[in-house]
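The values are calculated or read from the model by the stated rules, or taken from the named source; none is laboratory data. Because the structure is a prediction, the values reported are computed rather than measured. Glycine also receives a Cβ, built like all others from the backbone with ideal geometry; neighbour counts cover every protein chain displayed. With ligands, DNA and RNA removed, areas are computed over all heavy atoms of the protein, side chains included. Shrake-Rupley method; radii C 1.70, N 1.55, O 1.52, S 1.80 Å.
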Amino acid sequence: MGLPLSVHPSPHDPASRVELGTVDADTVLQLTNLLRRGMKRAYETRDRLRRALAVHGLDAPDLGLADGEVVLGDLTVAAADRLAQLLGAPPRPPRSDRDLDDWPEAQKVVARLQGAFREATGGGFLDLLFLSDCLRCGGEPVVSTGPIPLKSARRLLNALEFGGDR
């Protein structure tokens, strides 16, 4: 990129820390602009995904970016079930005595969302984990999501905005 940087990996943790040495203000500005341009698409995808989920009445308060991938964060089990339906999972048969937050029902929701996500994103993988309510910490049951590669996140966005046309 033509930046005058002296890059030295950290001898203590070479995989995660790099020393840049002495850097002048102009070089910092150029580096910052390069990073912003490189992450622009990821931030735009995250923001559009937040808006698309809101349009469908879904709240994803932990939606963000981690290492260049989109993270939906923790979803209520009902929100995870609704997302599965939006992505093409068949509707659940109505049963008034069923509680989605119960372990067996929540596991069905997780499986439905994994399958619907895979279909809507053309084979993308969504790492899901059901976390039941915690009596010790008072936490509500949630479906926790892992990071989604940007390509799969854009396909998810397409499915939410345009009904799955990739």
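Below is a table of values for the structure above.
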item	result
Choice from Ala79, Ala106, Ala66 with maximal GNM fluctuation in the chain (Cα, 10 Å cutoff)	Ala66
Other-chain or far-sequence residues with amide H under 5 Å of Val71's (modelled H)	Gly64, Leu65, Ala66, Ile148
Simple label model, 7 Å out from Cα along Cβ direction - Asn33 to Phe125, nm	3.9 nm
0 to 90° range, to nearest 10: angle between helix 25-55 axis and the chain longest Cα axis	10 degrees
Dipole of the chain [Lys/Arg +1, Asp/Glu -1 at C-beta], most positive-end residue of Pro61, Gly88, Val143	Gly88
Solvent-accessible area, 1.4 Å probe, carbon plus sulfur percent, for the range 6-127	53 percent
Residue-wise HN-Hα coupling along the range 103-109, computed from phi with Karplus coefficients 6.51, -1.76, 1.60 (Hz; x: Gly, Pro)	3, x, 5, 5, 5, 5, 4
Listed residues Leu129, Leu35, Leu150, most fluctuating in the chain (Gaussian network, C-alpha, under 10 Å)	Leu35
Helix 150-162 vs. the chain, principal-axis angle (Cα, 0 to 90°, nearest 10)	50 degrees
Residue of Leu113, Leu29, Leu72 that the Gaussian network model of the chain assigns the largest fluctuation, springs spanning Cα pairs under 10 Å	Leu29
The chain: calculated mean residue ellipticity at 222 nm from DSSP helix runs of at least 4, using -39500 (n - 2.57)	-14500 deg cm²/dmol
Debye, to nearest 20: dipole size of the chain, +1 on Lys, Arg Cβ, -1 on Asp, Glu Cβ	660 debye
Globularity index of the chain, i.e. its alpha-carbon radius of gyration over 2.2 N^0.38 Å	1.31
